[in-house]
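Asks: Structure in structure tokens, see below.
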Amino acid sequence: MTDGTVSFGDHRYKRMSGSVGPDVVDIRKLYADTGMFTYDPGFTSTASCQSALTYIDGDEGVLLHRGYTIGELAEQSNFMEVSYLLLNGELPSAAELNRFTTTITRHTMVNEQLAQFFRGFRRDAHPMAIMCGVVGALSAFYHDSTDIHDPAQRVIASHRLIAKMPTIAAMAYKYSVGQPFLYPDNSLSYTGNFLRMTFGVPAEPYVVDPIIERAMDRIFILHADHEQNASTSTVRLAGSSGANPFACIAAGIACLWGPAHGGANEAALNMLREIGHPERIPEFIARAKDKNDPFRLMGFGHRVYKNYDPRATVMQKTVREVFAAMKVSDPVFDVAIQLEELALKDDYFAEKKLFPNVDFYSGVILSAIGFPTSMFTALFALARTVGWVAQWNEMITDPDQKIGRPRQLYTGPTARPYVALDQR
Ligand code: CMC
């Protein structure tokens with residue numbers, strides 16, 4: 001959609017409006033017109049693509065997937081339905097959902113040889129290191145779904161990635177604790193199956209707890225997609241060169257691992273445990289505010305949300321529900337609640353509009369379910385795979401799509417003669 005123009009010097013540029021949210025200025029001709037690039041490290045003012053998947057209003061704390069609020073989806077939907085919605089644009093009918101769930105279920109097994117690939121990793125390898133390697137290796141196993149120009153192959157690759165991610169994440173966990181891998185059980189739900197492959201053992205039956213299953217499914221929904229974040233942009237950039245989908249998702253996993261992104265859930269729980277007791281909270285708040293201390297409150301702040309992250313609201317509620325249903329508690333949750341309260345009253349956090357994000361409470365609940373902290377980001381990757389895949393598919397079919405190739409402001413030496421080694 002276009003709506004007028006914006007002038008820059010003697011030139012005018014098309015102003016484009018989306019369905020909601022800020023307008024953008026189409027500067028594609030800027031360099032040709034003016035000989036200048038724009039400078040925007042971190043893409044703070046740059047829209048890299050058009051997308052109809054996810055909308056975030058960071059000031060109001062709103063997150064919509066295909067127009068539906070994250071709160072409603074988390075309460076009323078399930079991860080398979082949200083996956084269908086992200087991939088196809090509409091909520092499925094009962095028959096469509098059944099067909100989609102059956103298709104995903106039928107792709108949950110991994111090539112048997114992949115199990116040997118795991119054995120190349122040290123037992124103490126971080127699950128994210130394993131995920132990067134194994135997911136990238138899928139392209140060596142599924143040659144019949146790597147042609148990105150064939151829509152049918154793109155669909156199969158998408159289904160394979162969504163279906164196999166729980167199996168691979170569970171295998172990464174099993175490998176780290178020295179237990180045998182469990183094959184998927186197709187009689188279970190997507191989430192129930194993942195819980196069984198992770199916590200079950202071949203020696204005895206595993207009964208899926210419906211409370212944990214529902215909580216886990218909700219956690220997956222909360223992580224399913226999040227607009228053009230760092231890992232999604234990485235997937236799109238990798239995909240823009242025509243790389244195969246398995247390689248692109250492996251690139252997304254690598255990016256997600258960082259503590260400023262998906263790695264924050266692990267870092268947040270470690271921080272809460274380090275604080276340990278409410279009395280120590282002021283000390284950590286003071287450190288977070290100290291310009292000379294690199295420490296940040298993990299699970300706090302967001303590039304887009306300048307209000308409460310709506311995913312954190314659902315996450316906090318889910319922790320309360322699960323603790324009440326399981327009749328358990330965790331002092332770390334009390335530390336988290338009090339830390340949030342104190343930080344939100346503090347001028348530093350108010351002025352900078354720093355609020356809890358999705359990662360602030362997720363570690364508390366994942367730990368209660370039984371996951372070690374090292375698995376937290378792997379679970380984020382599992383759930384985000386559907387978002388990555390949906391964004392990758394959207395990019396491939398976008399007529400404006402080009403290889404991603406940012407420019408730079410060069411500050412190095414200008415041309416100079418080479419100096420031979422014996423003359424330096
Ligand atoms: N604790 C203390 N100060 C902070 C924090 C924090 N968690 N986050 C930002 N600030 C300060 C920062 O020091 C800076 O201050 P100043 O303007 O005086 O230099 C200001 O707030 C703006 O920070 P920024 O780093 O320029 O903002 P950004 O948009 O580039 O970074 C962020 C966003 C999420 C990387 C950052 O808030 C952060 O590091 N948070 C902690 C890590 C975290 O929880 N990450 C998960 C993000 S949500 C899940 C996901 O998307 O993966």
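Where a number appears in this text, it was derived from the coordinates with a stated rule and is not lab data. Please read all numbers here as calculations on a predicted model, not as lab measurements. Please note: Cβ atoms are built from the backbone with ideal geometry, for glycine as well, and neighbour counts cover all protein chains shown.
Asks: Please give the length that would be gained between Asp144 and Arg416 if that part of the chain were fully extended, namely 0.36 nm times their separation in residues minus their C-alpha to C-alpha distance (nm, one decimal). Numbers along the way, then the final one.
Replies: Working: separation 272, 0.36 × 272 = 97.92 nm, distance 4.99 nm.
Gain on extension, Asp144 to Arg416, equals 92.9 nm.
Asks: For every other residue with a beta carbon closer than 11 angstrom to the beta carbon of Gly262, add +1 if it is Lys or Arg and -1 if Asp or Glu, then tell me the sum.
Replies: -1
Asks: Find the relative contact order for segment 64-215 and round it to a whole percent, using C-alpha pairs within less than 8 Å whose residues are 6+ positions apart.
Replies: Averaging sequence separation for qualifying contacts and normalising by length gives 19 percent for segment 64-215.
Asks: Right, next: Normalised by the number of residues in segment 311-424, what is the relative contact order in percent for Cα pairs under 8 Å and 6+ residues apart?
Replies: About 27 percent, as a whole number.
Asks: Can you tell me which of 388-399, 30-41, 279-290 comes out highest on packing, and rank the rest after it, using the mean Cβ neighbours within 10 Å?
Replies: Averaged packing, sorted descending, gives the order 388-399, 279-290, 30-41.
Asks: Now for a separate question. Find how many whole Å separate the alpha carbon centroid of segment 159-227 from the alpha carbon centroid of segment 338-378.
Replies: 24
Asks: Filter Lys317/Lys352; Lys164/Lys327; Lys306/Lys327; Lys174/Lys327; Lys291/Lys345 down to the pairs with a C-alpha to C-alpha distance above 29 Å, please.
Replies: Over 29 Å Cα-Cα: Lys164/Lys327; Lys306/Lys327.
Asks: Any chance you could check the Cα centroid distance between segment 64-87 and segment 305-326 for me, in angstrom?
Replies: Result: 17 Å between the Cα centres.
Asks: Using DSSP H assignments, which helices in the chain have an axial alpha-carbon span of 27 Å or above and a mean Kyte-Doolittle hydropathy of -1.0 or higher?
Replies: Long hydrophobic helices here: 151-177, 376-396.
Asks: Over the chain, what is the relative contact order in percent, taking alpha-carbon pairs closer than 8 angstrom and at least six residues apart?
Replies: Value for the chain: 19 percent.
Asks: Right, here's the next one. Under 14 Å from the Cβ of Gly178, count the other residues' Cβ atoms, weight Lys and Arg +1, Asp and Glu -1, and hand me the total.
Replies: +3
Asks: Turning to a different aspect of this structure: Per the Kirkwood treatment, what hydrodynamic radius in Å, one decimal, follows for segment 325-424 from the mean inverse distance over all distinct Cα pairs?
Replies: It is 19.6 Å.
Asks: Cβ neighbours within 10 Å, averaged per peptide: list 365-374, 204-213 in order, most packed at the top.
Replies: 365-374, 204-213
Asks: Kindly provide the helix-only [θ] at 222 nm of the chain, computed as the sum of -39,500 (n - 2.57) over DSSP H runs of four or more divided by all residues, to the nearest 500 deg cm²/dmol?
Replies: Helix-only estimate at 222 nm: -15500 deg cm²/dmol.
Asks: Then there's this: Expressed as a whole percent, how much of the Cα-Cα distance distribution for the chain exceeds 37 Å?
Replies: When all Cα pairs of the chain are counted, 28 percent exceed 37 Å.
Asks: Right, next: Could you work out how far apart the two model spin labels at Asp290 and Glu204 are, taking each label as a point 7 Å from the Cα in the direction of the beta carbon, and quote it in nm?
Replies: 4.9
Asks: Testing the spin-label approximation: label points 7 Å from Cα along Cα→Cβ at Thr44 and Lys353. State their distance in nm.
Replies: 1.2
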